[in-house]
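Below is one structure, written out as structure tokens; the observations come after it.
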Amino acid sequence: MVMFTDDDTTRSMDAAMQAGVSAYVVAGLQPERIKPVLKVALARFRQEQKLLAELSETRHKLAERKLIDRAKGLLMTNQRLTEEQAYQKLRSMAMNKNLKLAEIAQRILDVEELLG
């Protein structure tokens, strides 16, 4: 969002930033300035969207990693496996059932919760 204004007070700028304004242009409504300002604002928006998508993907992968680690821990405890053996068992189950590793891990955790 781009805001063209004549108000150069810090309070107004802060309020605009809180509202999501990415470009606050004071006394800049000349026709030749509008297009470059809008291009920069659009580029900034795209960059921010990309970063938010990467953050979301990273959080998702971290959550999956935690599930897998918890499931490995259960297998190590209940079946007296090493970490590598537990991982290989999870991996083998995932391949045999054509599921993602995190899905198998979640199923193991669900069964443990149900029976435990």
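At a glance:
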quantity	calculated
The stretch 59-82, subset part of a helix (DSSP H, G or I) and among the β-branched types (V, I, T), residue most open to solvent (accessible area, probe 1.4 Å)	T77
Criterion violated by A16 - all others in (1) surrounded by 10 or more Cβ atoms within 10 Å (Cβ to Cβ); (2) free of Cβ contacts under 8 Å to residues at least 12 places away in the same chain satisfied	(2)
Count of residues meeting criterion [surrounded by 18 or more Cβ atoms within 10 Å (Cβ to Cβ) and either touching a residue at least 12 places away in the same chain (Cβ under 8 Å) or outside any helix (DSSP H, G or I) (or both)] in the stretch 94-108	5
Near pairs, Cβ below 9 angstrom, 6+ apart or cross-chain, from the stretch 44-55 (more than 16 Å from V21 (Cβ to Cβ) and free of Cβ contacts under 8 Å to residues at least 24 places away in the same chain) to any residue that is in a helix (DSSP H, G or I) and among the aromatic types (F, W, Y)	none
Residue match in the stretch 30-42 (condition: of a type outside the set (A, V, I, L, M), in contact with a helix residue (DSSP H, G or I) (Cβ under 7 Å, 6 or more places away or on another chain) and open to solvent by less than 90 Å² (accessible area, probe 1.4 Å))	no
Criterion: farther than 21 Å from L101 by Cβ, of a type in the set (V, I, T) and assigned to a helix (DSSP H, G or I) - qualifying residue of V40, V25	V40
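The values are calculated or read from the model by the stated rules, or taken from the named source; none is laboratory data. No experiment lies behind these values; they were computed from the predicted model shown. Glycine also receives a Cβ, built like all others from the backbone with ideal geometry; neighbour counts cover every protein chain displayed. Please note that ligands, DNA and RNA were not included when accessible areas were found on the heavy atoms of the full protein model with its side chains. Shrake-Rupley method; radii C 1.70, N 1.55, O 1.52, S 1.80 Å.
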